[in-house]
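The next block holds one structure in the form of structure tokens; read it before the comments.
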Amino acid sequence: MNKRRFEVTGGSALRCKGWRQEGLLRLLENVLAVGEDPSNLVVYAALGKAARNWPSHERIVATLKTMDEGETLVVQSGKPIGLMRTHEKAPLVVMANCNMVGQWAKAENFYELERKGLICWGGLTAGDWQYIGSQGVIQGTYEILARIAERHFGGSLAGRLVLTAGLGGMGGAQPLAARMAGAAILCVEVDEARIAKRIETAYLDATAPDLDTALSMLGEAQAARRALSVGLCANAADVFPQLQARGIVPDVVTDQTSAHDLLYGYVPAGFSLDAVRELRSRDPARLMQASTESIVVQVRAMLAFQKAGSVVFDNGNLIRTQAKNGGVANAFDIPIFTEAFLRPMFSRAIGPFRWIALSNDPADIAKIDEYLLQRFADNRSISNWIGLAREHIRFEGLPARIAWMGHGERTELALAVNRMVAEGLLGAPVAFTRDHLDAGAMAHPNIMTENMRDGSDAIADWPLLNAMLACSSQADLVAIHSGGGGYSGYMTSAGLTLIADGTAAAEQRLRLSLDNDTSLGIMRYADAGYAEALDEAARTKLNHYQL
Ligand code: NAD
């Protein structure tokens with residue numbers, strides 16, 4: 001197997017013809033440096049890849065190194081197709097990853113096309129080189145836990161037990177988010193190596209050799225109202241029902257295994273990782289059946305916890321959908337996190353915004369933190385978060401920060417950073433992106449857009465408009481993604497990346513792209529009738545037509 005390790009590149013020396021190209025190249029290197037399985041180009045979420053294959057990767061790298069501004073690289077499902085003559089305000093890279101025609105968009109067809117080397121799934125942030133490690137979803141998980149604390153536990157999770165599973169690329173954020181929220185959390189993970197990685201990156205506090213030890217460690221922490229995260233190497237489909245049989249009722253229950261993918265993601269109970277690998281090629285249908293059966297067992301236990309009083313939620317991995325397909329008729333009694341906890345924020349286009357220090361110097365992120373703490377001192381959500389992030393989050397790969405910010409706030413920050421770059425206050429330019437799971441950027445009727453007020457859950461016009469608008473607004477990279485593996489046919493989303501290189505041209509790109517991105521997000525929710533969005537549209541004087 002092709003074993004490769006990736007290092008991030010920092011400093012102020014250019015290998016490309018400009019910072020826009022250099023910035024995108026560093027981001028591509030970064031997603032592989034911090035990814036889960038770089039030897040196979042896999043970044044996260046079981047099969048989310050940075051490029052289709054190694055020749056594609058090498059050609060992308062070579063093109064970024066030699067292309068001029070005024071050219072646009074076209075990428076189709078991780079494979080570079082060609083370099084077009086455009087103009088200096090056009091995106092440098094446009095991508096369409098994993099989009100299949102409606103009736104064909106099924107997991108089986110995806111696997112077949114992937115096997116033939118014709119398609120690859122970009123996840124949300126893998127294929128478009130925006131992934132920043134487990135930090136990428138940490139504030140989202142923290143915000144969910146904070147809402148649960150407010151709603152159910154008098155404002156604090158101190159002394160409370162959270163149960164979850166999955167310590168992969170994104171699931172690895174759960175123990176640290178719970179620690180930030182003050183809880184004791186048990187994380188069940190079937191792969192020892194993932195537990196070790198989260199301990200090494202300081203996302204997980206400790207590991208336990210067996211369930212009894214884990215429960216006693218967590219029990220002590222709860223009694224002392226001390227935050228603690230414990231990883232247990234076991235299968236969730238075994239441990240969840242065991243806890244239920246013992247009469248333990250965790251305060252909060254969720255799951256972030258790669259349940260969306262029955263073939264490459266979820267590991268069925270009773271199977272070793274090697275056995276799964278072997279069965280995957282020998283009898284994929286049998287493996288998918290076994291995964292479904294285990295998910296059914298796990299979700300039944302989650303429903304039983306819910307009945308016994310736990311706050312249970314789906315954290316965006318399609319586990320309810322898989323369970324329902326396996327015969328759990330009431331799987332959707334478990335609410336989705338977006339609708340249950342975060343929709344009021346998305347309605348105001350407040351969502352996960354990220355910036356990455358291309359210098360590879362943590363001091364650049366610290367200076368931006370300082371700016372935020374001063375400028376947004378009155379904004380409790382931002383200042384509280386930056387304080388927590390500074391204290392708890394160790395960087396993986398290029399130093400980066402995520403914060404949930406809204407319309408105007410994102411633009412203001414990006415323009416301030418662009419000025420800092422121009423004035424030589426930072427070691428190098430800074431990249432800005434946001435998650436695809438953002439107000440105007442995603443249609444996913446079982447995650448982002450479940451139970452929209454106007455019933456518009458499955459309408460994918462919004463992410464498509466979002467991507468076209470990003471191209472019109474001069475973003476540096478624009479991507480349209482649809483679901484792969486078990487997500488096939490379930491979602492379409494859009495992503496954009498901008499490089500703040502300190503120039504006047506970057507100022508214009510940042511202003512147009514970020515303002516229009518969040519404006520569309522507000523309009524999407526206003527169109528669906530959300531009061532917060534209508535209020536935000538009026539407050540920020542958007543040119544929004546209410547028909
Ligand atoms: P990943 O593939 O990197 O990690 C999944 C982990 O689950 C692996 O470590 C695997 O060993 C473990 N696992 C699989 N089956 C298990 C079982 N039965 N018991 C215990 N552990 C098991 O994936 P990821 O990037 O961490 O993403 C996890 C899921 O979350 C995916 O479905 C992804 O699409 C979803 N996701 C949701 C959000 C969100 O916004 N809520 C964001 C990103 C990803």
Open item on the list: With of a type in the set (Gly, Ala, Ser), more than 30 Å from GLY123 (Cα to Cα) and free of Cβ contacts under 8 Å to residues at least 40 places away in the same chain as the only criterion, which of ALA223, ALA208 stands out?
Closed with: ALA208
Task: Condition met for ARG354 (assigned to a strand (DSSP E or B) and at negative phi) - done: yes
Open item on the list: For the structure I just gave you, tell me whether LEU176 is closer than 18 Å to ALA221 by Cβ, open to solvent by 10 Å² or more (accessible area, probe 1.4 Å), more than 6 Å from the ligand (Cβ to nearest atom) and not polar (S, T, N, Q).
Closed with: no
TODO: Would you tally the residues in the stretch 512-532 being among the acidic types (Asp, Glu), surrounded by fewer than 23 Cβ atoms within 10 Å (Cβ to Cβ) and touching a Gly at 6+ places or on another chain (Cβ under 9 Å)?
DONE: 1
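Yes/no per residue for (1) surrounded by fewer than 19 Cβ atoms within 10 Å (Cβ to Cβ); (2) away from the ligand (no atom under 13 Å from the Cβ):
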residue: ALA259; (1), (2): no, no
residue: ARG286; (1), (2): yes, yes
residue: ALA290; (1), (2): no, no
residue: VAL299; (1), (2): no, no
residue: LEU318; (1), (2): no, no
residue: ALA349; (1), (2): no, yes
- [ ] Name every residue in the stretch 124-139 that is open to solvent by less than 10 Å² (accessible area, probe 1.4 Å) and either in a helix (DSSP H, G or I) or more than 10 Å from the ligand (Cβ to nearest atom) (or both), in order of residue number.
- [x] GLY127, ASP128, TRP129, GLN130, ILE132, GLY133, SER134, GLN135, GLY136, ILE138, GLN139
- [ ] Would you point out the residue of the stretch 457-487, among those that are assigned to a loop (DSSP other than H, G, I, E, B) and open to solvent by less than 10 Å² (accessible area, probe 1.4 Å), that is nearest to ASP68 (Cα to Cα)?
- [x] ASP476
- [ ] Filter the stretch 325-344 for residues that are part of a helix (DSSP H, G or I), farther than 16 Å from ILE138 by Cα and within 16 Å of the ligand (Cβ to nearest atom) and give the result.
- [x] ASN325, ALA331, GLU339, ALA340, ARG343
- [ ] Residues being within 13 Å of the ligand (Cβ to nearest atom) and either part of a strand (DSSP E or B) or at positive phi (or both): count how many of those fall in the stretch 203-233.
- [x] 3
Task: Boolean, LYS106 is out of contact with any Gly (no Cβ under 9 Å at 6 or more places or on another chain), charged (D, E, K, R), touching a residue at least 24 places away in the same chain (Cβ under 8 Å) and open to solvent by 10 Å² or more (accessible area, probe 1.4 Å) - done: no
Open item on the list: Going residue by residue through the stretch 142-151, is there one that turns out to be near the ligand (Cβ under 9 Å from one of its atoms), more than 17 Å from PHE346 (Cα to Cα) and modelled with pLDDT of 95 or more?
Closed with: no
TODO: Just give me the residues in the stretch 261-284 being open to solvent by less than 30 Å² (accessible area, probe 1.4 Å) and in contact with a Lys or Arg (Cβ under 9 Å, 6 or more places away or on another chain), in sequence order.
DONE: LEU263, LEU279
Open item on the list: Being open to solvent by 30 Å² or more (accessible area, probe 1.4 Å) and closer than 20 Å to LEU547 by Cα is the filter here; which residues of the stretch 430-456 pass it?
Closed with: ARG453, ASP454, GLY455
Task: Output for the stretch 103-129, where each listed residue is farther than 27 Å from ARG282 by Cα and touching a helix residue (DSSP H, G or I) at 6+ places or on another chain (Cβ under 7 Å) - done: THR125, ALA126, TRP129
Open item on the list: Can you tell me which condition GLY270 does not meet? The list is (1) more than 11 Å from the ligand (Cβ to nearest atom); (2) over 30 Å from TRP385 (Cα atoms), and all the others hold.
Closed with: (1)
Open item on the list: Condition (residue is in a helix (DSSP H, G or I) and either of a type in the set (Val, Ile, Thr) or over 16 Å from the mean Cα position of the chain (by Cα) (or both)) applied to the stretch 431-446: is it met by at least one residue?
Closed with: no
- [ ] May I ask you to list the residues in the stretch 64-80 that are out of contact with any Lys or Arg (no Cβ under 8 Å at 6 or more places or on another chain) and open to solvent by 20 Å² or more (accessible area, probe 1.4 Å)?
- [x] VAL74, GLN76
Open item on the list: Quick check on my filter: what residues within the stretch 39-71 are of a type in the set (Gly, Ala, Ser) and under 16 Å from SER482 (Cα atoms)?
Closed with: ALA45, ALA46, GLY48, ALA50, ALA51
Task: Members of the stretch 15-37 that are under 13 Å from MET67 (Cα atoms), open to solvent by 10 Å² or more (accessible area, probe 1.4 Å) and either touching a strand residue (DSSP E or B) at 6+ places or on another chain (Cβ under 7 Å) or without any contact (Cβ under 8 Å) to a residue 12 or more places away in the chain (or both) - done: TRP19
Task: Candidate set: the stretch 243-257, residues that are in a loop (DSSP other than H, G, I, E, B) and more than 14 Å from the ligand (Cβ to nearest atom); chosen: the one least open to solvent (accessible area, probe 1.4 Å) - done: PRO250
Open item on the list: Among the residues of the stretch 179-202, what is the count of those that are assigned to a loop (DSSP other than H, G, I, E, B) and not polar (S, T, N, Q)?
Closed with: 6
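The values are calculated or read from the model by the stated rules, or taken from the named source; none is laboratory data. Note that the coordinates shown come from a computational prediction; the quantities given were computed from them, not determined experimentally. Because the Cβ atoms are built from the backbone with ideal geometry, glycine has one as well, and the counts that use them run over all protein chains shown. Remember, those area values only see protein heavy atoms, side chains included, never the ligands or the DNA or RNA. Shrake-Rupley method; radii C 1.70, N 1.55, O 1.52, S 1.80 Å.
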